[in-house]
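Next up is a structure, given as structure tokens.
The values are calculated or read from the model by the stated rules, or taken from the named source; none is laboratory data. Small disclaimer: the values here were computed from a predicted structure and weren't measured. FYI the Cβ positions are ideal-geometry reconstructions off the backbone, even for glycines, and counts take in every protein chain you see.
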2 protein chains.
Amino acid sequence: MAEVSAPPTRRLEILSAAAELFARRGYHGVSIGDLGRAVGLTGPALYRHFRGKEALLAEMLLDISERLLTEGRRRVAAADTPEVALDALLRWHIDFALDNPALITVHTRELGSVPQPERREIRRLQRAYAEEWVRVLLLMHPEAAEDRARAATHAAFGLLNSTPHSTGELDRDTMATLLHAMASEALTGAFRS
Amino acid sequence: MAEVSAPPTRRLEILSAAAELFARRGYHGVSIGDLGRAVGLTGPALYRHFRGKEALLAEMLLDISERLLTEGRRRVAAADTPEVALDALLRWHIDFALDNPALITVHTRELGSVPQPERREIRRLQRAYAEEWVRVLLLMHPEAAEDRARAATHAAFGLLNSTPHSTGELDRDTMATLLHAMASEALTGAFRS
DNA sequence: GTCCGATGTTAATCAACGTTAACAGCGACC
DNA sequence: GGTCGCTGTTAACGTTGATTAACATCGGAC
């Protein structure tokens, strides 16, 4: 009764396992057989859930991009000042990256493996998400050039998205606080001089 | 007379083209045929220069790791204070990343595609390079935990290595200065509180 | 109780890939 | 001027991979 539509639990299970494998070995380094085996099926069974390997990747990246953008926009809209907005964006991105290291890894690496036209759509979403950051930064530094704000944003993403490569020596809260501090300072430093 | 040994220009040409392709499409996304074509040869011609595709990748990553470590160590040894050492490391890494965006990309992504035992050796070199940074940071902040210094180092790497993804809107000098400022501030902020 | 759609399986197809074999040109050195 | 090593080529081989076909099971709707 609570479930209005069919529970596509298998799809999600596959997507989750695929994210893990793609993050570890790269899209081309993982076969359909590997993906099936990871969820206790044979390779061809995946075609009951996805149109093909590329479609699976496309759906995964599309979902990530949409989640990042939607919640990012929501938080910016809810903020009263650019400073608060930036803080909210930082917390959102850090939470997402710490909760979904595999997704972040795939998201930053495998765009090139997605076929058109999904590729274009994903790029659009990624850019829109980045532009939220740029917009906030420009509100905080009205005299700054857009170019600089964009470059600073990408550098901050690089810093935040490095989490998966830090072999979890710090506990989650400490790591979140550290990343927040470092990215904050970096983004401030980007507009001094 | 100036050339003591044979000039292996073809090898370097291939390695350079391979770096570009691996960075763009990933190791598994590039075929031997692609690599040959990129330097005006057929696929099998590559076997005159490398034992195979994996050996080519291994040599590439090994070379990068060695260059980073050697010059990093040199600069740290030449510095009188940790502050000067950190500045020197930052400049070195930024120069390397801006001059060799493809190499940096492959270096951070494709370790997993290198077979043992080269993989272990590359990891060792990468770790040793990171430890140079950690050592300098701990000299600057003797009270800090090693874990934190290591995590901060990896985050800084993420920031610096993001260059290839910033679609070169800023000119090189501006970008170098921006990255230096952001990474400096980030690494300082990592040890406040 | 039957039918059917959803979800699996195994077997088959076809292309692509890494690698090796067999052969050719060519320039250096005796 | 002949030989040889270096660096190419094309053809062939064996494997793997994505995808499709043909067939099985099973649970719920009528």
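Might you check whether a residue that is touching a residue at least 24 places away in the same chain (Cβ under 8 Å) and within 16 Å of DNA strand C (Cβ to nearest atom) occurs anywhere in segment A:71-84?
No - not one qualifying residue is present in segment A:71-84.
I'd like to check something: does segment A:23-35 contain any residue that is assigned to a helix (DSSP H, G or I), more than 26 Å from A:SER162 (Cα to Cα), at pLDDT 95 or above and among the β-branched types (Val, Ile, Thr)?
Yes, there is a match, as at least one residue in segment A:23-35 is assigned to a helix (DSSP H, G or I), more than 26 Å from A:SER162 (Cα to Cα), at pLDDT 95 or above and among the β-branched types (Val, Ile, Thr).
Another one. Tell me whether segment A:119-133 contains one or more residues that are in contact with a His (Cβ under 9 Å, 6 or more places away or on another chain), free of Cβ contacts under 8 Å to residues at least 40 places away in the same chain and crowded, with 19+ Cβ neighbours inside 10 Å.
Within segment A:119-133 (the criterion being in contact with a His (Cβ under 9 Å, 6 or more places away or on another chain), free of Cβ contacts under 8 Å to residues at least 40 places away in the same chain and crowded, with 19+ Cβ neighbours inside 10 Å), the answer is yes, since at least one residue qualifies.
Another question, if that's okay. Before we move on, is A:LEU111 within 14 Å of another protein chain (Cβ to nearest Cβ), surrounded by fewer than 19 Cβ atoms within 10 Å (Cβ to Cβ) and not basic (Lys, Arg)? Quick ask: steps written out before the conclusion?
Working: within 14 Å of another protein chain (Cβ to nearest Cβ): yes; surrounded by fewer than 19 Cβ atoms within 10 Å (Cβ to Cβ): yes; not basic (Lys, Arg): yes.
In short, yes.
Now for a different question. May I ask you to list pairs of residues, at least six apart or on different chains, whose Cβ atoms are under 7 Å apart, with the first in segment B:148-160 being free of Cβ contacts under 8 Å to residues at least 40 places away in the same chain and the second being of a type in the set (Phe, Trp, Tyr) and assigned to a helix (DSSP H, G or I)?
B:THR153/B:TRP133
Is it the case that some residue within segment B:22-34 is within 14 Å of chain A (Cβ to nearest Cβ), surrounded by fewer than 16 Cβ atoms within 10 Å (Cβ to Cβ) and within 12 Å of DNA strand D (Cβ to nearest atom)?
Yes, segment B:22-34 contains at least one residue that is within 14 Å of chain A (Cβ to nearest Cβ), surrounded by fewer than 16 Cβ atoms within 10 Å (Cβ to Cβ) and within 12 Å of DNA strand D (Cβ to nearest atom).
Let me ask something additional. Kindly indicate whether A:THR163 is crowded, with 19+ Cβ neighbours inside 10 Å and in contact with a Phe, Trp or Tyr (Cβ under 7 Å, 6 or more places away or on another chain).
Working: crowded, with 19+ Cβ neighbours inside 10 Å: yes; in contact with a Phe, Trp or Tyr (Cβ under 7 Å, 6 or more places away or on another chain): no.
It is false that A:THR163 is crowded, with 19+ Cβ neighbours inside 10 Å and in contact with a Phe, Trp or Tyr (Cβ under 7 Å, 6 or more places away or on another chain).
Give B:GLU66, B:GLU54, B:GLU20, B:GLU59 a once-over and let me know the one that is near DNA strand C (Cβ under 9 Å from one of its atoms) and acidic (Asp, Glu).
Details: B:GLU66 fails: near DNA strand C (Cβ under 9 Å from one of its atoms); B:GLU20 fails: near DNA strand C (Cβ under 9 Å from one of its atoms); B:GLU59 fails: near DNA strand C (Cβ under 9 Å from one of its atoms).
Sole residue among the options that is near DNA strand C (Cβ under 9 Å from one of its atoms) and acidic (Asp, Glu): B:GLU54.
Follow-up. Going by the structure shown, is A:LEU35 within 13 Å of DNA strand C (Cβ to nearest atom) and within 30 Å of B:VAL106 (Cα to Cα)?
Values: within 13 Å of DNA strand C (Cβ to nearest atom): yes; within 30 Å of B:VAL106 (Cα to Cα): yes.
It is true that A:LEU35 is within 13 Å of DNA strand C (Cβ to nearest atom) and within 30 Å of B:VAL106 (Cα to Cα).
Separate question: Would you check which residues across segment B:161-192 are assigned to a loop (DSSP other than H, G, I, E, B), small (Gly, Ala, Ser) and more than 7 Å from chain A (Cβ to nearest Cβ) and list them? So that I can check it myself, show each step before the final result.
To start, the set of residues in segment B:161-192 that are assigned to a loop (DSSP other than H, G, I, E, B) comprises B:161-162, B:166-171, B:190-192.
Narrowing the set further to residues that are small (Gly, Ala, Ser) leaves B:162, B:166, B:168, B:190.
Once the filter is applied, which keeps residues that are assigned to a loop (DSSP other than H, G, I, E, B), small (Gly, Ala, Ser) and more than 7 Å from chain A (Cβ to nearest Cβ), segment B:161-192 yields only B:GLY168.
May I ask you to list the residues in segment B:36-64 that are touching an Asp or Glu at 6+ places or on another chain (Cβ under 9 Å) and either assigned to a helix (DSSP H, G or I) or more than 16 Å from DNA strand D (Cβ to nearest atom) (or both)?
B:ALA38, B:GLY43, B:GLU54, B:ALA55, B:LEU57, B:ALA58, B:GLU59, B:MET60, B:LEU61, B:LEU62
Regarding B:ARG67, is this residue surrounded by fewer than 18 Cβ atoms within 10 Å (Cβ to Cβ), away from chain A (no Cβ under 14 Å), within 11 Å of the chain's Cα centre (by Cα) and more than 16 Å from DNA strand D (Cβ to nearest atom)? Reasoning before the result, please.
Details: surrounded by fewer than 18 Cβ atoms within 10 Å (Cβ to Cβ): yes; away from chain A (no Cβ under 14 Å): yes; within 11 Å of the chain's Cα centre (by Cα): yes; more than 16 Å from DNA strand D (Cβ to nearest atom): yes.
Spelling it out, B:ARG67 is indeed surrounded by fewer than 18 Cβ atoms within 10 Å (Cβ to Cβ), away from chain A (no Cβ under 14 Å), within 11 Å of the chain's Cα centre (by Cα) and more than 16 Å from DNA strand D (Cβ to nearest atom).
Out of everything in segment B:42-54 that is surrounded by 14 or more Cβ atoms within 10 Å (Cβ to Cβ) and touching a residue at least 12 places away in the same chain (Cβ under 8 Å), what residue ends up being farthest from B:GLU131 (Cα to Cα)?
Filtering first and then ranking leaves B:GLY43.
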